[in-house]
(Lines give C-alpha, C1' and ligand atoms only; values in the text may rest on other atoms or scores of the structure.)
Protein backbone atom coordinates (compact mmCIF):
# COMPACT_ATOMS: atom_id res chain seq x y z
CA UNK A 1 0.00 0.00 0.00
CA UNK A 2 1.46 3.32 -1.03
CA UNK A 3 0.29 6.70 0.21
CA UNK A 4 0.88 9.41 -2.35
CA UNK A 5 1.63 12.85 -0.90
CA UNK A 6 0.11 14.59 -3.91
CA UNK A 7 -3.20 12.83 -3.39
CA UNK A 8 -3.15 13.69 0.32
CA UNK A 9 -2.38 17.40 -0.14
CA UNK A 10 -4.93 17.70 -2.96
CA UNK A 11 -7.57 16.00 -0.82
CA UNK A 12 -6.68 18.24 2.12
CA UNK A 13 -7.23 21.36 0.00
CA UNK A 14 -10.61 20.04 -1.15
CA UNK A 15 -11.61 19.31 2.47
CA UNK A 16 -10.51 22.80 3.55
CA UNK A 17 -12.62 24.28 0.75
CA UNK A 18 -15.66 22.26 1.80
CA UNK A 19 -15.20 23.28 5.44
CA UNK A 20 -14.96 26.96 4.51
CA UNK A 21 -18.14 26.71 2.42
CA UNK A 22 -19.98 24.92 5.25
CA UNK A 23 -18.80 27.41 7.83
CA UNK A 24 -19.80 30.55 5.96
CA UNK A 25 -22.92 29.41 4.08
CA UNK A 26 -24.56 27.36 6.83
CA UNK A 27 -23.03 29.48 9.64
CA UNK A 28 -21.65 26.41 11.38
CA UNK A 29 -19.29 27.11 14.25
CA UNK A 30 -16.46 24.73 13.26
CA UNK A 31 -12.75 25.22 13.78
CA UNK A 32 -11.18 24.72 10.38
CA UNK A 33 -7.63 25.01 11.77
CA UNK A 34 -8.14 22.23 14.32
CA UNK A 35 -9.71 19.92 11.75
CA UNK A 36 -6.83 20.49 9.30
CA UNK A 37 -4.21 19.82 11.99
CA UNK A 38 -6.08 16.63 13.00
CA UNK A 39 -6.16 15.43 9.37
CA UNK A 40 -2.43 16.06 9.00
CA UNK A 41 -1.73 14.06 12.18
CA UNK A 42 -3.93 11.21 10.92
CA UNK A 43 -2.05 11.18 7.60
CA UNK A 44 1.34 11.14 9.34
CA UNK A 45 0.20 8.34 11.67
CA UNK A 46 -1.06 6.20 8.81
CA UNK A 47 2.12 6.90 6.86
CA UNK A 48 4.25 5.75 9.80
CA UNK A 49 2.23 2.56 10.17
CA UNK A 50 2.45 1.79 6.46
CA UNK A 51 6.09 2.86 6.32
CA UNK A 52 5.72 5.54 3.68
CA UNK A 53 6.56 8.63 5.70
CA UNK A 54 9.66 10.55 4.80
CA UNK A 55 11.11 11.95 1.67
CA UNK A 56 14.69 12.01 0.59
CA UNK A 57 16.00 13.53 -2.56
CA UNK A 58 19.50 14.62 -3.53
CA UNK A 59 19.46 17.74 -1.40
CA UNK A 60 16.45 17.32 0.92
CA UNK A 61 15.73 15.09 3.88
CA UNK A 62 12.17 15.42 5.19
CA UNK A 63 10.73 13.20 7.95
CA UNK A 64 13.67 10.91 7.41
CA UNK A 65 17.34 10.30 8.10
CA UNK A 66 20.16 10.32 5.62
CA UNK A 67 23.58 11.34 4.39
CA UNK A 68 24.34 13.86 1.68
CA UNK A 69 27.83 13.80 0.15
CA UNK A 70 27.70 15.97 -2.94
CA UNK A 71 30.32 15.98 -5.68
CA UNK A 72 28.69 19.00 -7.27
CA UNK A 73 27.04 21.46 -4.91
CA UNK A 74 23.32 22.21 -5.08
CA UNK A 75 22.04 25.69 -4.24
CA UNK A 76 20.08 24.51 -1.21
CA UNK A 77 20.05 21.65 1.31
CA UNK A 78 17.05 21.18 3.63
CA UNK A 79 16.75 18.92 6.65
CA UNK A 80 13.20 19.08 8.02
CA UNK A 81 11.81 16.93 10.85
CA UNK A 82 14.67 14.49 10.53
CA UNK A 83 18.37 13.84 10.93
CA UNK A 84 20.91 14.61 8.26
CA UNK A 85 24.64 14.37 7.73
CA UNK A 86 26.12 16.65 5.07
CA UNK A 87 29.74 15.95 4.11
CA UNK A 88 31.38 18.77 2.15
CA UNK A 89 34.94 17.46 2.49
CA UNK A 90 35.09 15.97 -1.00
CA UNK A 91 34.08 18.99 -3.06
CA UNK A 92 36.35 20.21 -5.84
CA UNK A 93 38.26 23.49 -5.82
CA UNK A 94 36.05 24.75 -8.66
CA UNK A 95 33.04 24.57 -6.30
CA UNK A 96 34.57 27.13 -3.93
CA UNK A 97 33.14 30.08 -5.84
CA UNK A 98 29.57 29.00 -5.11
CA UNK A 99 27.10 30.10 -2.50
CA UNK A 100 24.80 27.53 -0.87
CA UNK A 101 22.10 27.46 1.77
CA UNK A 102 21.60 24.82 4.47
CA UNK A 103 18.31 24.88 6.40
CA UNK A 104 17.71 22.86 9.55
CA UNK A 105 14.07 23.02 10.69
CA UNK A 106 12.89 20.90 13.63
CA UNK A 107 15.81 18.62 12.84
CA UNK A 108 19.35 17.61 13.71
CA UNK A 109 22.06 18.26 11.11
CA UNK A 110 25.78 17.52 11.16
CA UNK A 111 27.82 19.49 8.63
CA UNK A 112 31.33 18.19 8.00
CA UNK A 113 33.79 20.65 6.48
CA UNK A 114 37.49 20.51 5.65
CA UNK A 115 39.46 23.05 7.75
CA UNK A 116 41.91 23.42 4.84
CA UNK A 117 39.13 24.67 2.54
CA UNK A 118 38.33 28.37 2.54
CA UNK A 119 34.74 28.46 3.80
CA UNK A 120 32.62 31.23 5.31
CA UNK A 121 29.46 30.19 7.14
CA UNK A 122 26.83 32.85 7.84
CA UNK A 123 24.84 31.36 10.72
CA UNK A 124 21.34 32.46 11.63
CA UNK A 125 19.72 30.61 14.52
CA UNK A 126 16.27 30.98 16.08
CA UNK A 127 15.14 28.81 18.98
CA UNK A 128 17.78 26.22 18.18
CA UNK A 129 21.48 25.58 18.59
CA UNK A 130 24.34 25.85 16.13
CA UNK A 131 27.68 24.49 17.35
CA UNK A 132 30.83 25.58 15.53
CA UNK A 133 34.14 23.68 15.28
CA UNK A 134 35.85 26.10 17.69
CA UNK A 135 33.38 25.12 20.43
CA UNK A 136 31.27 28.27 20.37
CA UNK A 137 27.56 28.07 19.79
CA UNK A 138 24.62 30.25 18.85
CA UNK A 139 21.14 29.66 20.22
CA UNK A 140 19.46 32.83 19.07
CA UNK A 141 20.92 35.35 16.66
CA UNK A 142 23.57 35.31 13.99
CA UNK A 143 27.29 34.86 13.65
CA UNK A 144 29.86 34.34 10.92
CA UNK A 145 32.34 31.47 11.12
CA UNK A 146 35.39 31.31 8.86
CA UNK A 147 37.78 28.41 8.49
CA UNK A 148 41.42 29.18 9.34
CA UNK A 149 42.45 28.82 5.69
CA UNK A 150 40.26 31.66 4.38
CA UNK A 151 41.84 34.81 2.98
CA UNK A 152 40.33 37.79 1.22
CA UNK A 153 42.44 37.34 -1.91
CA UNK A 154 41.06 33.92 -2.87
CA UNK A 155 37.65 32.57 -3.70
CA UNK A 156 35.80 30.73 -0.96
CA UNK A 157 32.62 28.76 -0.43
CA UNK A 158 29.83 30.83 1.14
CA UNK A 159 27.32 28.90 3.24
CA UNK A 160 24.15 30.43 4.65
CA UNK A 161 23.10 28.16 7.53
CA UNK A 162 19.64 28.67 9.04
CA UNK A 163 18.62 26.72 12.13
CA UNK A 164 15.06 26.91 13.46
CA UNK A 165 13.98 24.73 16.39
CA UNK A 166 16.82 22.34 15.65
CA UNK A 167 20.51 21.60 16.08
CA UNK A 168 23.24 22.18 13.53
CA UNK A 169 26.68 20.89 14.45
CA UNK A 170 29.60 21.90 12.25
CA UNK A 171 32.57 19.54 12.52
CA UNK A 172 35.96 19.33 10.89
Quick check on my filter: what residues within segment 61-80 are surrounded by fewer than 13 Cβ atoms within 10 Å (Cβ to Cβ) and not in a strand (DSSP E or B)? 69, 71, 72, 75
Quick one: how many residues across segment 132-147 are closer than 11 Å to residue 172 by Cα and either touching a residue at least 24 places away in the same chain (Cβ under 8 Å) or not in a loop (DSSP other than H, G, I, E, B) (or both)? 3
Among the residues of segment 151-164, which ones are exposed (fewer than 15 other Cβ atoms within 10 Å of the Cβ) and either out of contact with any helix residue (DSSP H, G or I) (no Cβ under 7 Å at 6 or more places or on another chain) or not assigned by TED's automatic domain parsing to the domain that holds residue 82 (or both)? 151, 152, 153, 154
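Residue-wise test of (1) in contact with a strand residue (DSSP E or B) (Cβ under 8 Å, 6 or more places away or on another chain); (2) surrounded by 17 or more Cβ atoms within 10 Å (Cβ to Cβ); (3) not assigned by TED's automatic domain parsing to the domain that holds residue 60.
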{"residue": "90", "(1), (2), (3)": "no, no, no"}
{"residue": "101", "(1), (2), (3)": "yes, no, no"}
{"residue": "130", "(1), (2), (3)": "yes, yes, no"}
{"residue": "139", "(1), (2), (3)": "yes, no, no"}
{"residue": "166", "(1), (2), (3)": "yes, yes, no"}
If a residue must be modelled with pLDDT under 90 and part of a strand (DSSP E or B), how many such residues does segment 84-114 contain? 1
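The values are calculated or read from the model by the stated rules, or taken from the named source; none is laboratory data. The structure presented is a predicted model; accordingly, all values stated were derived computationally and were not measured. All Cβ positions, glycine included, derive from the backbone under ideal geometry; neighbour counts span all protein chains shown.
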